[in-house]
1. Out of segment 278-294, which residues are touching a Ser or Thr at 6+ places or on another chain (Cβ under 7 Å) and in contact (Cβ under 8 Å) with a residue 60 or more places away in the chain?
2. Among the residues of segment 288-319, how many are crowded, with 20+ Cβ neighbours inside 10 Å and among the polar types (S, T, N, Q)?
3. Suppose we filter A68, A4 for residues that are closer than 20 Å to N111 by Cβ and of a type outside the set (D, E, K, R); which single one remains?
4. Report, by residue number, each residue of segment 25-54 that is surrounded by fewer than 17 Cβ atoms within 10 Å (Cβ to Cβ) and part of a loop (DSSP other than H, G, I, E, B).
5. Within segment 317-326, is even one residue at pLDDT 95 or above and touching an Asp or Glu at 6+ places or on another chain (Cβ under 7 Å)?
6. Look at segment 62-105 and say how many of its residues are assigned to a loop (DSSP other than H, G, I, E, B) and among the aromatic types (F, W, Y).
7. Restrict the check to segment 109-127 and report whether at least one residue is assigned to a loop (DSSP other than H, G, I, E, B), at pLDDT 95 or above, surrounded by 16 or more Cβ atoms within 10 Å (Cβ to Cβ) and among the small types (G, A, S).
8. May I ask you to say which residue of A242, A204 is part of a loop (DSSP other than H, G, I, E, B), surrounded by fewer than 17 Cβ atoms within 10 Å (Cβ to Cβ), touching a residue at least 12 places away in the same chain (Cβ under 8 Å) and not acidic (D, E)?
Amino acid sequence: MDFAWQGGEPTLAGLDFYRKAVAYQQQYAEGKTVTNSFQTNAIAINRQWADFFAENRFLIGVSVDGIAEIHDKYRIAVNGQPTFERVKKSIALLREYNVDFNTLTVVNDQNYDKGRETYQALKALGSTFLQFIPIVEVDARCLTPAKGHYSPPADAVLSPFSVPADGYGHFMNAVFDAWVKEDVGSIYIREFDSLLGTWMGYPASTCVQATTCGQALIIETNGDIYSCDHYVYPAYLLGNIANTSLVKLATSRQQQRFGNAKQEKLTQMCQQCEVKALCQGGCPKHRIVPQAGEKHKHNYLCASYKHFFYHTAPVMQAMSKIIQSGGVAADIMPLLNKFNSH
């Protein structure tokens, strides 16, 4: 049984809250294996937190944007002060206490052209499990409630911190080029792992590139369950766990409709695209671009995904063949180095 603690900022609940949560887990586990993951800005982590995480084997996700000045552009404390140095010290504490951690980095308007530098900065922090997510945020002033749905208008304006439409692809390509030279098998990047799995015929391990949605339900502090953590709007409220079991809510017709809509509302452009099998239209929340002659809106990040999938295709194909022949993904590095030396 997996518990994923996130917020807001989960450390605000206080350490005693999690001590009590772990005690309840142990009391009611009934022989089941219980795991805890914890997504945090890491500002509040001290030795007491680190010791608790280590003792109870929490997996910590640290939100950090790699390059100090980029991180401090948007990740500032309530007093307006930068936070990078505090996060850096917290990561050092996690490493000192041998706490498993990964890093989550937002790709935005400030760092989309700094993929390699961001990757090197995260390596310097000691991260070996990385995730990169693009931020695409419609300006709240453009949103008008439509029966509780998320429904951006055709002329929606994005918030200024959003990544450019082709910027995420450029960022990921730069990271990939740095990673594939020397870090395959020693550093793990979620997006690359999922893509390699897809090339090998496995289902995508990330919801963004999965065929359907609906596997990332979210629970609020009052027990309300929503279809997805990106869709906490009235129309996507499934019910309350105090009144209905989680299994019933997760398998309800409403949730099935939500999940199937990912495929049912693809544009014709997506349906006919060469990389559809790798992309599956991306996250539905990013489908905000109207297209002439199309009933449904197109994904804002389409250009990025195409850049990324085409750029990585030759190496991904080669790695999948290596693995299927009994090798390991890291075997690609000497082959590439030999090829590039000629």
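The values are calculated or read from the model by the stated rules, or taken from the named source; none is laboratory data. For clarity, every value in this text was computed on a predicted model and none was experimentally measured. Backbone-built Cβ (ideal geometry, glycine too); neighbour counts: all protein chains shown.
1. L278, Q280
2. Within segment 288-319, residues that are crowded, with 20+ Cβ neighbours inside 10 Å and among the polar types (S, T, N, Q) number 3.
3. After ruling out the rest, the residue left standing is A68.
4. A29, E30, G31, K32, T33, V34, I43, A44, N46
5. Looking for residues that are at pLDDT 95 or above and touching an Asp or Glu at 6+ places or on another chain (Cβ under 7 Å), one finds at least one in segment 317-326, hence yes.
6. So the answer is 1.
7. Scanning segment 109-127, I find at least one residue that is assigned to a loop (DSSP other than H, G, I, E, B), at pLDDT 95 or above, surrounded by 16 or more Cβ atoms within 10 Å (Cβ to Cβ) and among the small types (G, A, S), so the answer is yes.
8. Result: A242 is the single residue among A242, A204 that is part of a loop (DSSP other than H, G, I, E, B), surrounded by fewer than 17 Cβ atoms within 10 Å (Cβ to Cβ), touching a residue at least 12 places away in the same chain (Cβ under 8 Å) and not acidic (D, E).
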